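The values are calculated or read from the model by the stated rules, or taken from the named source; none is laboratory data. Worth saying up front: this structure is predicted, and the values here are computed from it rather than measured. Here Cβ is always computed from backbone atoms with ideal geometry, including for glycine, and neighbour counts include all displayed protein chains. Side chains included, ligands, DNA and RNA excluded: accessible areas come from the protein's heavy atoms. Shrake-Rupley method; radii C 1.70, N 1.55, O 1.52, S 1.80 Å.
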Amino acid sequence: MRLAKASAVAGAAALLISAMTALPAAQAQQDADKKVAGGGITVKGWQGRVDTGNRQGLTINDSKLAPEGTAWRLMTGAAALYWSPANAGKGDFSVKATFTEPKQSYNHPHPYGVFIGGKGLDTETPQALYCAAYRNGNYIVRGFSGGKVFQVVGKPVPNDAVKKAESPEAQVVQDVSMSVRGDKVECTINGTSVWSAAKADVTGDGKLESTDGVTGIRVSHNSDALVTNFAVGK
């Protein structure tokens with residue numbers, strides 16, 4: 001009886017220690033959305049919208065998209081979509097951008113990328129499909145439909161094409177592109193295709209209405225990067 005009781009106590013203690021050990025790691029993954037000083041969008045013709053329900057209740061004016069030399073400085077509080085209505089894609093097209101992240105501000109990476117199929121972006125029910133790269137060599141493909149997230153490559157997946165920063169202080173540069181060609185939708189990172197699918201896989205109920213629509217930039221929360229070479233073409 002004493003042995004059984006001692007084993008139960010030891011087991012409970014082990015579980016408690018395990019939970020306490022895991023807690024800081026879990027909390028670290030939930031870094032609070034920061035407010036960027038001097039926020040707002042000053043790139044001509046561009047606008048943006050943060051994700052609904054961000055934890056600190058921040059707006060797009062608590063992030064920054066501003067000209068910096070020949071680039072744009074993109075610093076975010078909450079995760080957001082950025083776009084210009086002039087950058088629409090229809091039929092066969094592509095959208096691309098280069099993201100230069102000088103260092104990692106937190107203990108886990110935050111992704112940058114581009115999106116297609118944008119509609120209702122300034123409403124509570126936006127739609128868009130995006131591909132984004134992380135500085136640890138992973139990428140994701142996700143979307144919004146009626147304001148709700150839908151998963152394509154929902155969890156970060158490693159790919160040799162996605163560059164890895166050598167250290168948290170090291171700079172990393174990612175070229176991210178999405179294209180639509182015939183029935184094929186594709187994401188290319190640093191010149192290599194990392195994902196592709198048929199249009200039917202990303203359109204329909206709970207997904208995009210169409211791959212046609214506004215294109216733009218997708219960025220996670222608490223990010224800081226220079227954006228260059230944004231372009232929409234055939």
### Query
Can you list the residues of segment 97-117 with backbone N under 13 Å from a point 7 Å past the Cα of A71, pointing along Cα to Cβ?
98-104
### Task
With θ set to phi - 60°, apply the Karplus curve 6.51 cos²θ - 1.76 cosθ + 1.60 along segment 131-143 and write out the HN-Hα couplings as whole Hz, x wherever there is a Gly or Pro.
10, 9, 10, 9, 6, 9, x, 9, 9, 9, 9, 9, x
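Which of the residue pairs K35/K199; K96/K148; K163/K207; K103/K184; K90/K164 have a Cα-Cα distance greater than 31 Å in the structure shown?
Values: K35/K199 37 Å; K96/K148 24 Å; K163/K207 29 Å; K103/K184 34 Å; K90/K164 33 Å.
Listed pairs above 31 Å: K35/K199; K103/K184; K90/K164.
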### Query
Largest first, how would M75, M178 line up by accessible area (1.4 Å probe)?
M75, M178
### Query
What Kirkwood radius, in Å to one decimal, follows from the Cα pairs of segment 118-234?
15.0 Å
### Query
What list of whole percents do you get for P(r) of the chain, with Cα-Cα distances grouped in 5 Å bins up to the one holding the largest distance?
1, 7, 13, 18, 19, 15, 10, 5, 3, 3, 3, 2, 1, 1, 0, 0
### Summary
Expected field for K34, accessible surface area in Å² at 1.4 Å probe radius, rounded to 10, holds 60 Å²
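Ratio of segment 157-204's C-alpha Rg to 2.2 N^0.38 Å, to two decimals? Mind showing how you got there, number by number?
On the way: Rg = 13.6 Å, N = 48, 2.2 N^0.38 = 9.6 Å.
Scaled against compact globular proteins, the figure is 1.42.
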### Task
Pop a pseudo-label 7 angstrom from the Cα along the beta-carbon direction at both S196 and E169 and give the gap in nm to one decimal.
4.2 nm
### Query
Under 14 Å from the Cα of K64, which aspartates and glutamates turn up, not counting those fewer than eight places away in the same chain?
D33, D224
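In whole percent, and with a 1.4 Å probe on the protein chains, what portion of the accessible area of segment 81-234 is carbon and sulfur? Don't skip to the end; give the middle numbers.
On the way: 3070 of 6460 Å².
Heavy-atom surface of segment 81-234 belonging to carbon and sulfur, 1.4 Å probe: 48 percent.
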### In Å², nearest 10: area of W46 left accessible to a 1.4 Å probe
30 Å²
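What accessible area per residue, rounded to a whole number of Å², is obtained for segment 179-234 using a probe radius of 1.4 Å? Please list the in-between numbers first.
Numbers: 2280 Å² over 56 residues.
Per-residue value: 41 Å².
Top to bottom by accessible area (1.4 Å), largest first, where do R135, R181 land?
Values: R135 10, R181 100 Å².
I get R181, R135, largest accessible area first.
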### Query
Roughly what angle does helix 2-28 make with the longest principal axis of the chain, taking Cα atoms, 0 to 90 degrees, to the nearest 10?
30 degrees
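What does the extension gain come out to for K184 and Q151, with contour length at 0.36 nm per residue minus their alpha carbon separation?
Values: separation 33, 0.36 × 33 = 11.88 nm, distance 1.77 nm.
Length difference between fully extended and current span is 10.1 nm.
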### Query
Which three extents, in whole angstrom, do the alpha-carbon atoms of segment 33-158 cover along their principal axes, largest first?
37, 34, 31
### Message
For a quick check of understanding: with a 1.4 angstrom probe and all protein chains in place, what accessible area in square angstrom does T59 have, to the nearest ten?
### Response
70 Å²
### Query
In what order, largest first, do D183, D51, D160, D92 sit by accessible area if the probe radius is 1.4 Å?
D160, D183, D92, D51
### Separation in nanometres of the label points that stand 7 Å from Cα toward Cβ, at N107 and D205
4.4 nm
### Task
Determine the calculated [θ] at 222 nm for the chain from helices alone, applying -39500 (n - 2.57) to every DSSP H run no shorter than 4 residues and normalising by the residue count; nearest 500 deg cm²/dmol.
-4500 deg cm²/dmol
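Any idea what the dipole of segment 86-166 comes to, in debye rounded to 20, about its Cα centre with Lys/Arg Cβ at +1 and Asp/Glu Cβ at -1? Present the calculation step by step, with values, prior to reporting the outcome.
Values: 10 positive and 6 negative charges, 21 e Å.
Taking the Cα centre of segment 86-166 as origin, the dipole is about 100 debye.
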### Task
Assuming R0 = 30 Å, can you tell me the calculated FRET efficiency for the pair Q47 and D212, based on Cβ-Cβ distance, to the nearest 0.05?
0.95
